[in-house]
1. For region 49-99 and region 338-408, what is the separation of their C-alpha centers, rounded to whole Å?
2. If the chain between SER397 and LYS2 were fully stretched, how many nm would it gain, using 0.36 nm times the residue separation less the Cα-Cα distance?
3. Whose amide H sits under 5 Å from the amide H of PHE43, counting only residues 5 or more places off or on another chain, with H placed in the peptide plane?
4. Short version: ³J(HN,Hα) in whole Hz for each residue of region 65-75, in order, from phi by Karplus 6.51 cos²θ - 1.76 cosθ + 1.60 (θ = phi - 60°), x for Gly and Pro, what are they?
5. LYS208 accessible area, nearest 10 Å², 1.4 Å probe?
6. Rounded, prolate or oblate: pick one for region 1-151, where a ≥ b ≥ c are the square roots of the eigenvalues of its C-alpha gyration tensor, a/c under 1.5 means rounded, and failing that, prolate if a/b is larger than b/c, else oblate.
7. Between LYS201 and LEU335, what's the calculated FRET efficiency when r is the beta-carbon distance and R0 is 51 Å? Round to 0.05.
8. What does the net charge come to around LYS252 if you take all other residues with beta carbon closer than 9 Å to its beta carbon, with K and R at +1 and D and E at -1?
Amino acid sequence: MKSPELLAPAGTFENAEAAFIHGADAVYIGIGQLNLRAHSPNFTIEDIPELLNLARTNNKKVYAALNLMPDQSKIAAIKDVLNQLKDKNCAPDAFIVSDPGVLELCKSILPNVELHLSTQTGTFNLISLDFWKRQGVIRAVLPREFTLDQIREACESAIMETEIFIHGAMCVSISGRCLLGAYLGERHPNRGDCPQPCRYKYRLTHVKENGDSGEWFEAEESDDGVYLLNSKDLCTIEILPQIILTGVNSLKIEGRNKSVHYVASVVRIYRAAIDSCIKDPHNYKVLPEWYKELDALDHRTYTTGFYNCEKVIQDVFTSKAAVKSRIIGTVKAILPGGLPVIDVKNSFSVNEPLEIIPVQQYALPYAIVFNKITDLSGNPSDRAPSSRLIIGHSSCSLRIGDMIRKEV
Ligand code: SF4
């Protein structure tokens, strides 16, 4: 069994750093608004050299999503981004594209950068894969709607490298074919502006001839209503050996809008799971701790999606992601003597029960309390305020990169 690449989302530099530290082989990012997460923080051209430097120092890769479906008004901006990357000599390892025009621009301005085909193109057959190969694409992100047999078929065809999603939110529609946001709110999903109307609570009505709505009918499954279209979230930890046996080259985690806590936790669990699977695929077991960790993150009900031909992937009872814990800080430095300097994101108190997500690979989270908190000058305080650096005193030895979280 060959170990596939573990590819993580990075909406921010901090998330990219956490993804690399916790075991991702590569990250995918957006530059400006030219991708399908126009409202995530995204990277500027000025951020790219530092990110590439971090990646190359650690033998990792960076892919940039340029997978919007642009109209002509966006072409100048895309050209400008590509020319700036060229002029500053800071091109990523690959562009993820879906539009043939964007693909042509990438080829003409930065011909040596690899091209990956976004799942948005909905490439469902081998003839299409072969077509894209002739256009210069070397990897395809296969549809989330594929079964494991279809993934295996694409891998065995050896037309090009393959990549699939293994964890995160899913669309209820076929990727790249949904117009719900554009229809209901003039916000176009294929230009990175999906307001996720598939997560809304819906009621039924008949429409009168003049366009007015008639009587409203509740379609109740619970007191909270019914979410007819809302997809569950993908989680493939259970079927990882079957996935890897298809021969897929890259396993991708969804979530460029997600927190650093989410990215670090999902990456570290899948890193451990992939490594365990490669070491001994016949005795692969999902550890209860992995489930516990994945359950602690904000998520909707999990599903293995279409890979195992699951029939019902909607959760009609709620569209809200359950959040059970939240990150409150990261260890940024260790002082002589071993005390950690903590970058506090959310305030916490002396003696409050907290948990460490260790940076050390395969190590499990463990409980901690800080019995003393001081500022950098040594002045004690009962509370660590957010957006400050503090020194935490405890009985544990922490490491740079360890994350601290608390239950909510
Ligand atoms: S409305 Fe839902 S199904 Fe459609 S693109 Fe947005 S998230 Fe996907």
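The values are calculated or read from the model by the stated rules, or taken from the named source; none is laboratory data. All values derive from a computational prediction rather than experimental measurement. A quick note on method: Cβ atoms are made from the backbone with ideal geometry, for glycine too, and the neighbour counts reach across all protein chains shown. The protein model used for the area step is the full one, side chains on, heavy atoms only, and it has no ligands, DNA or RNA in it. Shrake-Rupley method; radii C 1.70, N 1.55, O 1.52, S 1.80 Å.
1. Spelled out, the Cα-based centre of one part sits 36 Å from the other.
2. On the way: separation 395, 0.36 × 395 = 142.20 nm, distance 3.56 nm.
Full extension of this stretch gives 138.6 nm more.
3. GLY30, ILE31, GLY32
4. Calculated HN-Hα couplings, in order: 7, 10, 9, 6, 9, x, 8, 4, 5, 8, 5 Hz.
5. 110 Å²
6. Numbers: a/c = 1.64, a/b = 1.10, b/c = 1.50.
Verdict is oblate for region 1-151.
7. On the way: r = 51 Å, r/R0 = 1.00.
After rounding to 0.05, the efficiency reads 0.50.
8. Details: positive: none; negative: GLU5, GLU163, GLU254.
Summing Lys and Arg as +1 and Asp and Glu as -1 gives -3.
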